[in-house]
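Asks: I have a structure here, written as C-alpha cells, and I will follow up with some questions on it.
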Amino acid sequence: MAKLGFRTVDEMVGRTDRLKPREKQITERAEKIDLSEIISDRYAFEKEKVYDPKRAYDFKLEETKDSKILLKKFLRTSAESSGGTIDVTVSNTDRAFGTLFGSYVTAKYGNSLSEDFFTINCRGTGGQSFGAFLPKGVTISLKGDANDSFGKGLSGGKLIVTPSEKAVFRPEENVIVGNVPLYGATSGEAYINGVAGERFCVRNSGATAVVEGVGDHGLEYMTGGKVVILGDTGKNFAAGMSGGTAYVLDEKHDLYKKLNKSMISVETLSKKKDKDELKTLISAHYLATDSPLAKKILDNFDYYGGLFKKIVPHDYRKITDTIYDLMKKGLNREEAELEAFRLSGE
C-alpha cells in the first residue's frame, strides 16, 4: 500500500488508475483477456494526471433498457394514467431490468396502482437481479430464463417466467432461474414454470411464490409469505425458517431427508382450508404460466393433494391457528391478529 501511495484501504477503493496488467501472462488463455475497459482510467490518469471518480463510477444508467425503453418510450405511449403493455427483448447484460422503472412507479404512485397496471412482456435471458424490488402495479412476464437474484426484494409486483416456445425440455426438470431468487422479498407474487437454483426465497417476509423445484437451502430464514413447490427440494430446506407457510409436493416420500427440522413442523393436508389454499395457489400458477405440471396436479387433485406436505414453523403455527379460531368467533383479521399476539405474550 505504501509503495502505491496509500495510507488506508479506503483510499484504494476505485483507484483503477493504479492498476496495470502483467507484461507476461501466466497462460496463453490469460493473454487473450482484454482488461482495458476495467483499468481504462489508468490510461486517462497517465495522460491527464487527473483522477476522475465520476468517470470511474459511471454506470451509464441512461443507456439501460429501463431508461431508453420503459421510462422514455413506454410511459410516453401508454399515457400513464391508463396503464399499458409493452414487449421487450432482454439479454443477460440487462442487469436489474425493471428496477429503475419500478422506482419511478413507486415515487409517483406509491402503493395505489391496481394489479397489472403496467405489464412488460419480455423475451430472452434476464440478467442478474431481473425484476428486483418490483412494486405493486407492475407485472413482468419473461419467456426464456433468468440469472441469479431474480426478483430480489420483490415489493408488491408480479413476476412470471415460462420457457421459450422453442424449448424442448420438461420445465419441472430444468433450472429456469438462477441462485438466490426472491431474496428478501416483502410482498407480491412470482410464478416460475421450471426449477429455481439454490437459496430460493431466503428471508422472504411476505411474497407468494409457486415454483416447480428448488436447489439447496430453500426458504432459509423465511419469516412470512407463502411458497408452493411442485417438485424436488435440495438439502437443508427451511433452515432458520421462523414464519410463513410452504406446501411441498413429496411425490418420492423423501422430503424428510432434506429438511432442517430445528424450527419447523411437517404435516399432511388434513384441513379443508389448507387444501383450498393450495389449490388456489396452483390454479394461479397455471393461469399465469400454462404449466403442464400444474394442470396435471389440478386435474388429479384428490390424488396429488395427499402427496403434499405443509411446512410451518412451530411458533408461527400457534399464532396462525389462534388467529383462525378468533376469526371464526367473529373478529375481523386485524382484531384477531392483535388479540393473538396479546395472548402469545401471556
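Asks: Got at least one residue in the range 253-276 being at pLDDT 95 or above and closer than 16 Å to GLU189 by Cα?
Replies: There is no residue in the range 253-276 that is at pLDDT 95 or above and closer than 16 Å to GLU189 by Cα.
Asks: Follow-up question, since we're still on this one. Of all residues being of a type in the set (A, V, I, L, M) and free of Cβ contacts under 8 Å to residues at least 24 places away in the same chain in the range 261-314, which is surrounded by the most Cβ atoms within 10 Å (Cβ to Cβ)? Just the residue, please.
Replies: Restricting to residues being of a type in the set (A, V, I, L, M) and free of Cβ contacts under 8 Å to residues at least 24 places away in the same chain, the top hit is LEU298.
Asks: Report, by residue number, each residue of the range 234-260 that is open to solvent by 20 Å² or more (accessible area, probe 1.4 Å) and charged (D, E, K, R).
Replies: Those that are open to solvent by 20 Å² or more (accessible area, probe 1.4 Å) and charged (D, E, K, R): LYS235, GLU251, LYS252, ASP254, LYS257, LYS258.
Asks: Of the conditions (1) farther than 22 Å from GLY194 by Cα; (2) touching a Lys or Arg at 6+ places or on another chain (Cβ under 9 Å), LYS68 satisfies every one except a single condition; which number is it?
Replies: Unmet condition: (2).
Here is a yes/no grid of residues against (1) aliphatic (A, V, I, L, M); (2) touching an Asp or Glu at 6+ places or on another chain (Cβ under 7 Å); (3) within 28 Å of SER262 (Cα to Cα):
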site	(1), (2), (3)
VAL168	yes, no, no
GLU172	no, yes, no
LEU182	yes, no, yes
TYR191	no, no, no
ALA196	yes, no, yes
ARG199	no, yes, yes
LEU219	yes, no, yes
GLY240	no, yes, yes
VAL248	yes, no, yes
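Asks: A further question on this structure: Filter the range 193-226 down to the residues that are open to solvent by less than 10 Å² (accessible area, probe 1.4 Å), among the β-branched types (Val, Ile, Thr) and in contact (Cβ under 8 Å) with a residue 60 or more places away in the chain and list them by number.
Replies: VAL210
Asks: Still on this structure: Quick check, is PRO181 open to solvent by less than 10 Å² (accessible area, probe 1.4 Å), free of Cβ contacts under 8 Å to residues at least 60 places away in the same chain, in contact with a helix residue (DSSP H, G or I) (Cβ under 9 Å, 6 or more places away or on another chain) and not small (Gly, Ala, Ser)?
Replies: Judged against the criteria, PRO181 is not a match.
Asks: Here is a follow-up. Just wondering, is there one or more residues in the range 106-123 that are open to solvent by 40 Å² or more (accessible area, probe 1.4 Å), under 30 Å from GLY14 (Cβ atoms) and either at pLDDT below 95 or polar (S, T, N, Q) (or both)?
Replies: Yes: the range 106-123 contains one or more residues that are open to solvent by 40 Å² or more (accessible area, probe 1.4 Å), under 30 Å from GLY14 (Cβ atoms) and either at pLDDT below 95 or polar (S, T, N, Q) (or both).
Asks: Just one of LEU326, LEU293 is within 20 Å of PRO171 (Cβ to Cβ) and not polar (S, T, N, Q); which is it?
Replies: One residue alone meets the criteria, LEU293.
Asks: Looking at (1) modelled with pLDDT of 75 or more; (2) in a helix (DSSP H, G or I), which is the one condition that is false for SER82?
Replies: Result: SER82 fails condition (2) only.
Asks: Select from the range 152-169 the residues that are in a loop (DSSP other than H, G, I, E, B) and in contact (Cβ under 8 Å) with a residue 40 or more places away in the chain and write down the one among them that is farthest from VAL105 (Cα to Cα).
Replies: SER164
Asks: Which ones in the range 214-244 are within 17 Å of LYS279 (Cα to Cα), out of contact with any Gly (no Cβ under 7 Å at 6 or more places or on another chain) and in a loop (DSSP other than H, G, I, E, B)?
Replies: Passing the criteria: only LEU230.
Asks: Could you say whether any residue in the range 91-99 is open to solvent by 30 Å² or more (accessible area, probe 1.4 Å), within 19 Å of GLY206 (Cβ to Cβ) and touching a strand residue (DSSP E or B) at 6+ places or on another chain (Cβ under 9 Å)?
Replies: Within the range 91-99 (the criterion being open to solvent by 30 Å² or more (accessible area, probe 1.4 Å), within 19 Å of GLY206 (Cβ to Cβ) and touching a strand residue (DSSP E or B) at 6+ places or on another chain (Cβ under 9 Å)), the answer is no, since none of the residues qualifies.
Asks: Give all pairs with beta carbons closer than 6 Å in which a residue from the range 130-145 that is within 15 Å of GLY84 (Cα to Cα) meets a residue that is aromatic (Phe, Trp, Tyr) and open to solvent by less than 10 Å² (accessible area, probe 1.4 Å); count only pairs at least 6 apart in sequence or on separate chains.
Replies: Hits for this filter: VAL138/PHE118.
Asks: How many residues does the range 125-137 hold that are open to solvent by less than 10 Å² (accessible area, probe 1.4 Å), part of a strand (DSSP E or B) and in contact with a Ser or Thr (Cβ under 8 Å, 6 or more places away or on another chain)?
Replies: Residues flagged as open to solvent by less than 10 Å² (accessible area, probe 1.4 Å), part of a strand (DSSP E or B) and in contact with a Ser or Thr (Cβ under 8 Å, 6 or more places away or on another chain) within the range 125-137 amount to 1.
Asks: I'm checking my understanding of the structure. Among residues of the range 42-55 that are over 37 Å from the mean Cα position of the chain (by Cα) and basic (Lys, Arg), which one is modelled with the highest pLDDT?
Replies: LYS49
Asks: Only one residue in THR280, THR289, THR223, THR233 is of a type in the set (S, T, N, Q), at negative phi and touching a Phe, Trp or Tyr at 6+ places or on another chain (Cβ under 6 Å), so which one is that?
Replies: None of the other options fit; the residue is THR289.
Asks: For the range 5-41, enumerate the residues that are modelled with pLDDT under 85, among the hydrophobic types (A, V, I, L, M, F, W, C) and in a loop (DSSP other than H, G, I, E, B).
Replies: Passing the criteria: VAL13, LEU19, ILE26, ILE33, LEU35, ILE38, ILE39.
The values are calculated or read from the model by the stated rules, or taken from the named source; none is laboratory data. Note that the structure is a prediction, hence the values are computed from the model and not measured. Glycine gets a Cβ as well: all are built from the backbone with ideal geometry, and neighbour counts include every protein chain shown. The area values use the complete protein model at the heavy-atom level, side chains included, leaving out ligands, DNA and RNA. Shrake-Rupley method; radii C 1.70, N 1.55, O 1.52, S 1.80 Å.
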